[in-house]
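The values are calculated or read from the model by the stated rules, or taken from the named source; none is laboratory data. Owing to the predicted nature of the structure, the values given are computational and were not obtained by experimental measurement. Ideal geometry is used to build each Cβ from the backbone, glycine not excepted, and the neighbour counts take in all protein chains shown.
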Amino acid sequence: MRKTRLGLVSLLTVVVAGFIADPVAAQASASSELINGLNGKLLYIAVPITILVEGILIYTVVKFRNNDDPSPTQENRRLEITWTIATAIILLFVGVASYGVLANENITAQDPQIEGAGGEPVVVHAEAYQWGWEMSYPESGNFSTGTEIVIPKDRSVRFQVTSRDVIHGFHVPKLGLKSDAMPGQVNTIQTVAYEEGTYQGYCTEYCGVAHSQMYFTVEVVSQEEYQQWLDEQQSSE
Ligand SMILES: [Cu+2]
């Protein structure tokens, strides 16, 4: 019994340590920070459980390898209660940790009234079609930029993702952005980019013969550069 308790206590310690420790280094955006942070936390439980289960399995296989006449298992109420409680605690932890990320403003933008980082969010309309993308800026003169998105760093950006024909997928892995692009529906995702640079995006839903060419780029620039770029776009319209 002492061993079971010891196991439970060490599992709990690891879970709590996962909450406190931040295993994630600097991230390119608020979304990738949240998603990779959650992934790191879940590893704190997944790895010990894997080691525990595999350990018991190997131990059992080796210990009982010559047992031709096994005796039936007896009911062990304390053991059953222990693993029921342990499982409940683990599931609760996974649920609470996941909900904290899923409900975050930088994963799903639910309320358009909420102001993001750096004032009013930049709105980018991303429309997929067979086979390409049309990016536009509906709040800033509605000019279109083809497959190129330019956004300022340290400011909230809201992507309105939709499709002109079939189901596509909007995905920028390094920025932690992913959303289905559905015809007749607008899905909104939001983030704050922290690092300047050019990020590759592509379609993640097989949509026909030229699906693999559905690339686009997200360029993260300083707020001044963004303003300059915006002025240029608006004056050339
Ligand atoms: Cu597509």
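Considering 56, 89, 107, 81, the condition of being β-branched (Val, Ile, Thr), in contact with a Gly (Cβ under 9 Å, 6 or more places away or on another chain) and not assigned by TED's automatic domain parsing to the domain that holds residue 184 is satisfied by 107 alone.
When 191, 217 are checked against the criterion of being in contact (Cβ under 8 Å) with a residue 60 or more places away in the chain and touching a helix residue (DSSP H, G or I) at 6+ places or on another chain (Cβ under 6 Å), a single residue qualifies: 191.
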